[in-house]
Amino acid sequence: MFDDPVLGRTMKAASTASVRDGHAIVKAGEFIEARFGAGTSPSLAARKTLALLIAKAAGEAWQPGSHVIAKRELRGTHNANDRIQDTLDELMDVKFQMPSTSAQGRVATLTAALLAWTLNEHAEDGRATVEWEFTAPARAILQGSDYYARLNRAALLAFRSKYAITLYEMGCLLAGRREPRWSGTIEELRERVGVAPKTLLNFSDFRRFVLDLAKAEIDQLAAFTMEWTEKRGARGKITHVTLTFTPKDDDATDAAADEAGRHSGGRKARREGTTETIVDTASLIASAASRLSVSDALRWPADDQIDGFKTPELHAIGISLGGGHAVQRLADQYARVRPEHRRKLTGDALKADWTKWVTGCASKWGRA
């Protein structure tokens, strides 16, 4: 008789969670601690979709062979499958880097993709599926993994910042440990969260668009809070950051779980303690469908309307950097001057171009 394969704790925990707890996603610590491959910065949709694929495969993820998930599980409440293929294509190109050893026993870096192939069924009914298989290196890591994090599915899908998702996963792995901290250089942190090369090079921008946004969402949605300290080197330049993840008490944890289960409309207002905006029912439903879709990437809105519901990141940039001018006025001018350009940009590239435009207008027009 053949011996049963030796499985680490991660796959056993994933198998148990899939049966007993539909709210938890068990993710191997090796993949949470891994860096994204050079030059890659997965979108919000890609990071959410990857977590859902891992959850679906659960304790079987280490085995050769394919796994199947219904498209309706990937698109949330979105009524179309048109962007799922784009997200799958993106995930096929995502690579992770992690410490390893060579065949000679020397220290090395393993670079590998997670997905070997995908099969996207072209059907619009509720039975359409996506099929995929993990790569051999990924399966080997999953089989032997002995440490993991339990992610709250509702919280993960509620995040609007792609960097917040990655920092949330780090927090799930570290919160509750004797030393719930991560320390490293700015460049190491950029690689861990997947900031695209040549973007957010100024630390003040990195702080604003990565750390500040992530902290706001994590503190509101997670069972822990996130703080950080900065260390300066020569000439006062910030060179290192230490992140600390502190578990909340029971009442605060329950409040976070409640918030993760609530409608996303008004979440920012609830976080800041301001008055919630009242919108008509049709707008509320449309907003919910868009924000709950894991296959949705940041794009310029088709109707050129920038608001805190459909495009919260673009709206926040307009509010904070627009010199007091109406965000929609800035958007109208942007759409007029860049009629084609705005449709081609997505994600970080769109945010960077919009930031440049907003600050330029504020400087040219003066304060409102």
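Cross-linked pairs Lys27/Lys344; Lys95/Lys310; Lys310/Lys364; Lys48/Lys364; Lys27/Lys237: Cα-Cα separations exceed 32 Å for Lys27/Lys344; Lys48/Lys364; Lys27/Lys237.
Element breakdown for the chain at a 1.4 angstrom probe: carbon and sulfur atoms account for 52% of the accessible area. For the range 118-185, the dipole from Cβ point charges (+1 on Lys and Arg, -1 on Asp and Glu) about the Cα centre works out to 540 debye, to the nearest 20.
Note that the chain, at 37 °C in a medium of 0.692 mPa s, gets a Stokes-Einstein diffusion coefficient of 150 µm²/s from its Kirkwood radius over C-alpha pairs.
Membrane-span-like helices in the chain, defined purely by DSSP H runs whose alpha carbon atoms cover 18 Å or more axially and whose average Kyte-Doolittle hydropathy reaches -0.5, are 44-57, 162-174, 347-365. Spin-label model, Thr111/Asp93: points 7 Å from Cα along the beta carbon direction are separated by 1.5 nm. With 0.36 nm allotted per residue and the present C-alpha distance subtracted, the Arg72-Asp86 stretch has 3.5 nm of extension available. Extending 7 Å from Cα along the Cβ direction at Thr185 and again at Ser363 yields two label points whose distance is 3.0 nm. Per residue, the solvent-accessible area of the chain (1.4 Å probe, heavy atoms of protein chains only, all protein chains present) comes to 50 Å². Here's the thing: no lysines lie within a cross-link span of Lys231, going by alpha-carbon distance under 16 Å and ignoring same-chain residues fewer than 8 apart.
In debye, nearest 20: dipole of the range 1-71 around its Cα centre with unit charges on the Cβ of K, R (+) and D, E (-)? It works out to roughly 380 debye. Between the beta carbons of Thr229 and Leu201, assuming R0 = 22 Å, the FRET efficiency works out to 0.55 to the nearest 0.05. Quick check on the range 295-343: take the gyration tensor over C-alpha atoms, sort the square-rooted eigenvalues as a ≥ b ≥ c, and tell me if it's rounded (a/c under 1.5), prolate or oblate. The shape class here is oblate. Taken over the alpha carbons of the range 1-120 as equal point scatterers, the Debye sum produces base-10 log I(q)/I(0) values at 0.11, 0.19 Å⁻¹ of -0.44, -1.21.
Placing a label point 7 Å from the Cα of Arg178 along the Cα-to-Cβ direction, the residues of the range 209-251 whose backbone N falls under 19 Å of that point are 244-247.
The residues neighbouring Met11, those whose beta-carbon lies less than 11 Å from its own, together hold a net charge of +1 under the Lys/Arg +1, Asp/Glu -1 convention.
Placing unit charges on each Cβ (+1 for Lys and Arg, -1 for Asp and Glu) gives the chain a dipole about its Cα centre, and among Leu44, Ser66, Met226 the Cα reaching farthest toward its positive end belongs to Met226. Each of Ala13, Ala196, Ala154 was scored by the projection of its Cα onto the charge dipole of the chain, and the greatest displacement toward the positive side belongs to Ala196; charges sit on the C-beta of Lys, Arg, Asp and Glu. Around the Cα centre of the chain, unit charges on the Cβ atoms of Lys, Arg, Asp and Glu (plus for the first two, minus for the last two) sum to a dipole of about 1220 debye.
The values are calculated or read from the model by the stated rules, or taken from the named source; none is laboratory data. No experiment lies behind these values; they were computed from the predicted model shown. Counting neighbours? That spans all protein chains shown, and the Cβs are built from the backbone with ideal geometry, glycine included. Quick note on the areas: whole protein, heavy atoms, side chains included, nothing else; ligands and nucleic acids left out. Shrake-Rupley method; radii C 1.70, N 1.55, O 1.52, S 1.80 Å.
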